[in-house]
Amino acid sequence: MRNLFVIFLLFGSLASFSQIKDGAKVVDLSLSYTNSNGNTFFFAQPLIGFGVNENKLLYAGFAYSHQYFDFSGDTENLTSLIIGYEKLMELNSSVYFAPFFSGSYGIGKSDDGFTKEDINNLSLTFRPRIHYFMNSKWSLVASVGAVQLSNKVVEGATGKSTSNILSLNLNSSNVFFGIRLNLNND
């Protein structure tokens, strides 16, 4: 189903005006939910974007993620502040490819039923996105995979641990779907 949706985004084409202009304002909401073998992942990311040049946007917003691991009973909740940059490249009149670069700082908690730990996470992420402009106001956004560099500090009763991770995720179960409202396009 996800592959069909992505193919629809790539090859579906309606003639519509879809460029982002300098000074444009957009509201972008991305969501992801996965439940596999009792392990649950939920992610929500509302962003506000500002056009800084034709087809270039700067974003600010936040993200919330919740993970639950059925086997161990561990949970992790993380809230992050995000800044991002995106450049839209036209594939046809209503489909755009857009590399999305973001930096985030997140704080949260993890709980394994016995121990609660505080989490601080700093990350840089590259995520390729496809935008399908339904009309000049609304577009659908899809993303699969990411390259991420993160520094995660976990502190609890057992001490403090730091991990630096460079990850490449091409997992098709990690698909983000979103919708975007272009506030000042006619």
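Assess whether residue 50 counts as being surrounded by 15 or more Cβ atoms within 10 Å (Cβ to Cβ) and in contact with a Ser or Thr (Cβ under 8 Å, 6 or more places away or on another chain). So residue 50 does not fit the description; no.
In this structure, residue 70 does satisfy being exposed (fewer than 15 other Cβ atoms within 10 Å of the Cβ) and over 14 Å from the mean Cα position of the chain (by Cα). For first residues located in segment 96-114 and under 30 Å from residue 71 (Cβ atoms), partners that are among the basic types (Lys, Arg) and exposed (fewer than 14 other Cβ atoms within 10 Å of the Cβ) and lie 6+ apart or on another chain with Cβ distances below 9 Å form the pairs 109/116; 110/116.
Among the conditions (1) in contact (Cβ under 8 Å) with a residue 24 or more places away in the chain; (2) under 17 Å from residue 179 (Cα atoms); (3) of a type outside the set (Gly, Ala, Ser), residue 62 misses just one, which is (1).
When you scan segment 97-117, do you find a residue that is of a type in the set (Asp, Glu), assigned to a strand (DSSP E or B) and in contact with a Gly (Cβ under 7 Å, 6 or more places away or on another chain), even just one? Within segment 97-117, one or more residues are of a type in the set (Asp, Glu), assigned to a strand (DSSP E or B) and in contact with a Gly (Cβ under 7 Å, 6 or more places away or on another chain). Among the residues making up segment 19-45, those that are in a strand (DSSP E or B) and farther than 25 Å from residue 85 by Cβ are 33, 34, 35, 36, 39, 40, 41, 42.
What's the total number of residues in segment 133-186 that are over 30 Å from residue 23 (Cα atoms), touching a residue at least 40 places away in the same chain (Cβ under 8 Å) and surrounded by fewer than 17 Cβ atoms within 10 Å (Cβ to Cβ)? Selection size over segment 133-186: 6. For residue 85, which of the numbered conditions (1) of a type in the set (Phe, Trp, Tyr); (2) modelled with pLDDT under 95; (3) part of a strand (DSSP E or B) fails to hold? In the conditions (1) of a type in the set (Phe, Trp, Tyr); (2) modelled with pLDDT under 95; (3) part of a strand (DSSP E or B), residue 85 misses (2) alone. When residue 93 is tested against the conditions (1) surrounded by 14 or more Cβ atoms within 10 Å (Cβ to Cβ); (2) at pLDDT 90 or above; (3) among the small types (Gly, Ala, Ser); (4) within 30 Å of residue 21 (Cβ to Cβ), the lone failure is (2). Scanning segment 129-186 for residues that are part of a loop (DSSP other than H, G, I, E, B) and at positive phi turns up just one, 145.
The values are calculated or read from the model by the stated rules, or taken from the named source; none is laboratory data. Predicted model, so just to flag it, every value in this text is computed and none were measured. In this analysis, Cβ positions are derived from the backbone assuming ideal geometry, glycine residues included, and neighbour counts consider all displayed protein chains.
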